[in-house]
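Undergrad: The following block contains the structure, expressed as structure tokens.
The values are calculated or read from the model by the stated rules, or taken from the named source; none is laboratory data. Keep in mind it's a predicted model, so treat the numbers as computed, not measured. Please note: Cβ atoms are built from the backbone with ideal geometry, for glycine as well, and neighbour counts cover all protein chains shown.
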Amino acid sequence: MLKTFSITDIGKKRKLNQDYVFSSDRKIGNLSNVFIVADGMGGHNAGDYASRFTVDTMVEEIERSFEQSPVKILENAIKIANKKLRDKAAENEELFGMGTTVVACTVLGRYLQVANVGDSRLYVINDKITQITRDHSLVEEMVRMGGIDRETARTHLDKNIITRAIGATETVDIDFFNVELNRGDMVLLCSDGLTNMLEDEEIRMIVSGQRDIVEKAQKLVVAANNNGGKDNIAVILIEPFAEETPRDGGIDG
């Protein structure tokens, strides 16, 4: 029995929430469930528009897709959302230059299929925490090239510069991951408003320390805000093998 809960929060410094989430444990098109986090960027309300528009477009495309392959379904949905977002930006100069990250997944029995563009993340948490996605960011490239270490990357001045985003270029380069899940695993999708405020180990301890999935998600948001809340915070938690029968709803951003 899959159990899930989602939440977004404006944080302590921003005037607008540009994070948007979609969480459905029910069938959408040919996918048994769909979970998406998007973190928008752009002046005025363009980032807010970009994240919401991208997620809504993806869900529409997933719903109408005849594909059977989860990778193909997610890939087509992201590519179409990228094209439509660029078309919108071209029509309206107030939306020019907008973009958004996207991390999306679907649980297929014992497997998790993940798609990622940008620096929003997906983790699998049990007695340890494993980041499945790789950030498409300037500092992550610097870490990979050996220019800086992981600890320096956390506080680097260029931390917010991302190297891939929906809406940024005509073609979008998407990373895909397939993960085998085990009983007791918890899946976390989140924006960098969470991961910039909390160390991975702090996230693991909060998720492991609460019994209820709603409380786990809410405690993550509270902890991020207590550490400064410098950005919007988006969290989706999924318990793929929950023993309990009651369902938890989600809160869309």
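Undergrad: Mind checking which residues of region 166-191 are modelled with pLDDT of 95 or more, farther than 18 Å from V124 by Cα, aliphatic (A, V, I, L, M) and assigned to a loop (DSSP other than H, G, I, E, B)?
TA: Residues satisfying the conditions are V172, I174.
Undergrad: If we scan region 60-83, do we find a residue that is at pLDDT below 95, out of contact with any Lys or Arg (no Cβ under 8 Å at 6 or more places or on another chain) and part of a loop (DSSP other than H, G, I, E, B)?
TA: Checking region 60-83: not a single residue is at pLDDT below 95, out of contact with any Lys or Arg (no Cβ under 8 Å at 6 or more places or on another chain) and part of a loop (DSSP other than H, G, I, E, B).
Undergrad: Within the set of pairs 6 or more residues apart or between chains, which connect a residue that is closer than 16 Å to T133 by Cβ inside region 182-209 to a residue that is assigned to a loop (DSSP other than H, G, I, E, B) with Cβ atoms less than 6 Å apart?
TA: Once the first residue is closer than 16 Å to T133 by Cβ and sits in region 182-209, its partners that are assigned to a loop (DSSP other than H, G, I, E, B) give D185/N126; S191/S120; D192/D119; G193/G11; G193/D231; G193/N232.
Undergrad: Another question, then. Identify, from the list L122, L189, L108, the residue that is closer than 18 Å to T4 by Cα, over 17 Å from the mean Cα position of the chain (by Cα) and hydrophobic (A, V, I, L, M, F, W, C).
TA: Only one candidate passes the filter, namely L108.
Undergrad: Inspect region 87-95 for any residue being within 20 Å of the chain's Cα centre (by Cα) and modelled with pLDDT of 95 or more and give the result as yes or no.
TA: Within region 87-95, not a single residue is within 20 Å of the chain's Cα centre (by Cα) and modelled with pLDDT of 95 or more.
Undergrad: Suppose we filter region 1-21 for residues that are buried (at least 23 other Cβ atoms within 10 Å of the Cβ) and within 16 Å of V102 (Cα to Cα); how many remain?
TA: Final tally of qualifying residues: 6.
Undergrad: Here is a further query. With respect to L138, determine if the residue is of a type outside the set (S, T, N, Q) and under 15 Å from the mean Cα position of the chain (by Cα).
TA: No.
Undergrad: Given the conditions (1) outside any strand (DSSP E or B); (2) hydroxyl-bearing (S, T, Y); (3) at pLDDT 95 or above, and given that T152 satisfies all but one, which numbered condition is not satisfied?
TA: Every condition holds for T152 apart from (3).
Undergrad: Residues being out of contact with any Leu (no Cβ under 7 Å at 6 or more places or on another chain) and more than 24 Å from D192 (Cβ to Cβ): count how many of those fall in region 1-31.
TA: The qualifying residues number 9.
Undergrad: Could you please find all residues in region 210-223 being over 16 Å from the mean Cα position of the chain (by Cα) and touching a residue at least 24 places away in the same chain (Cβ under 8 Å)?
TA: Once the filter is applied, which keeps residues that are over 16 Å from the mean Cα position of the chain (by Cα) and touching a residue at least 24 places away in the same chain (Cβ under 8 Å), region 210-223 yields I213, V214, K216, Q218, A223.
Undergrad: In region 27-54, what residues are in contact with a helix residue (DSSP H, G or I) (Cβ under 8 Å, 6 or more places away or on another chain) and within 26 Å of F241 (Cβ to Cβ)?
TA: Hits for region 27-54 are I28, G29, N30, L31, V34, I36.
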